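One structure below.
The values are calculated or read from the model by the stated rules, or taken from the named source; none is laboratory data. These numbers come from a predicted model, not from an experiment. For neighbour counting, all protein chains shown are included, and Cβ atoms are generated from backbone atoms with ideal geometry for every residue, glycine included.
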Amino acid sequence: MPRLLLAEDDVDLGPAIRRALELEGYVVDLFTRGDDVRTAARVSEYDVMLLDIGLPHGSGLDVLRDLRAGGDATPVIVVTAFDRTQQRVAGLDAGADDYVVKPVDLEELAARIRSQMRRRDGRQNDSIAVGAVTLDFTGHVATMDGQDVPLTAKEYRVLALLMRRARRFVSKADIEAELYDQDNWAESNTVEVAISALRRKFGREFIRTARGLGYMVGASHG
């Protein structure tokens, strides 16, 4: 399941946006301080970051400049009450990929997030196909050879991560990070249980394992 970083210091708006995006199927880590955003971006991998400009302990623009200077290319959407042209330009020049002005229309924000994820993944729509398996991120539906394959929430998250990084190994630690948020931690055998279930549903050869590297889908065999 896609993971978002949300930086918003408004005590009402931040949790409201987080809840709305979680209902859209995202895992959302909410932060209220610029220094906490810097730390989170260093230790975790996010699909999209949503940054408010007016953060305490490091403005959103300062955080964004630091991320870009450090080589972090994660898509960033600036979400702010500042709507003057020069402020929009400053955000884009700092490295933002998109700019949304408050009050936020949550449907529009969700659409912009999906757009950034498609652009990052080089996709034209909200689905990825790997061999006979297709995953629809909008409907959270997996199919194999055109037939629906039921998945639990954890299985969906693991499969979505592997398919977004098809033909690359994904470490167990990265998968564990996908399975927990700030309030819920994954159990030690959660990854193995999910991988085993996915192999039963899609075939053992669909997911390759390499000791010390992790798991991969889309690898050639033979």
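Taking region 105-139 on its own, how many of its residues are among the charged types (D, E, K, R) and modelled with pLDDT of 80 or more? Reasoning before the result, please.
Here is the first cut: in region 105-139, the ones among the charged types (D, E, K, R) are 105, 107-108, 112, 114, 118-121, 123, 126, 136.
Remaining after also requiring modelled with pLDDT of 80 or more: 105, 107-108, 112, 114, 136.
The number of residues fulfilling the criteria is 6.
What's the number of the only condition in (1) of a type in the set (A, V, I, L, M); (2) modelled with pLDDT under 90; (3) within 17 Å of residue 7 (Cβ to Cβ) that residue 96 fails to meet?
All conditions pass for residue 96, except number (2).
Just the residues that are more than 27 Å from residue 165 (Cβ to Cβ) and surrounded by 14 or more Cβ atoms within 10 Å (Cβ to Cβ), please, taken from region 45-56.
First, the residues of region 45-56 that are more than 27 Å from residue 165 (Cβ to Cβ): 52-56.
Selection gives 52, 53, 54, 55.
Here is a list: 97, 83. Which entry is buried (at least 16 other Cβ atoms within 10 Å of the Cβ) and among the charged types (D, E, K, R)? Lay out the reasoning, then the answer.
Numbers: 83 fails: buried (at least 16 other Cβ atoms within 10 Å of the Cβ).
Just one listed residue meets the conditions, 97.
Would a scan of region 208-215 turn up a residue that is touching a Lys or Arg at 6+ places or on another chain (Cβ under 7 Å) and at pLDDT below 90?
no
Given the criteria within 16 Å of residue 113 (Cα to Cα) and assigned by TED's automatic domain parsing to the domain that holds residue 92, does residue 56 qualify?
Working: within 16 Å of residue 113 (Cα to Cα): no; assigned by TED's automatic domain parsing to the domain that holds residue 92: yes.
In short, no.
Would you be able to say whether some residue in region 140-152 is outside the structural domain of residue 20 (by TED's automatic domain parsing), at pLDDT below 90 and touching a Gly at 6+ places or on another chain (Cβ under 9 Å)?
yes
In region 1-44, which residues are exposed (fewer than 15 other Cβ atoms within 10 Å of the Cβ), over 11 Å from the mean Cα position of the chain (by Cα) and not in a helix (DSSP H, G or I)?
Narrowing region 1-44 to residues exposed (fewer than 15 other Cβ atoms within 10 Å of the Cβ): 10-12, 15-16, 19, 22-23, 35, 39, 42-44.
Remaining after also requiring over 11 Å from the mean Cα position of the chain (by Cα): 10-12, 15-16, 19, 22-23, 35, 39, 42-43.
If the condition is that a residue be exposed (fewer than 15 other Cβ atoms within 10 Å of the Cβ), over 11 Å from the mean Cα position of the chain (by Cα) and not in a helix (DSSP H, G or I), then 10, 11, 12 are the ones that fit.
So which residues in region 61-79 are crowded, with 22+ Cβ neighbours inside 10 Å and in contact with a Gly (Cβ under 7 Å, 6 or more places away or on another chain), if there are any at all?
Passing the criteria: 61, 63, 64, 76, 78.
Would you confirm whether any residue within region 167-178 is at pLDDT below 90, more than 21 Å from residue 44 (Cβ to Cβ), in contact with a Gly (Cβ under 6 Å, 6 or more places away or on another chain) and surrounded by fewer than 18 Cβ atoms within 10 Å (Cβ to Cβ)?
For region 167-178, residues at pLDDT below 90, more than 21 Å from residue 44 (Cβ to Cβ), in contact with a Gly (Cβ under 6 Å, 6 or more places away or on another chain) and surrounded by fewer than 18 Cβ atoms within 10 Å (Cβ to Cβ): present.
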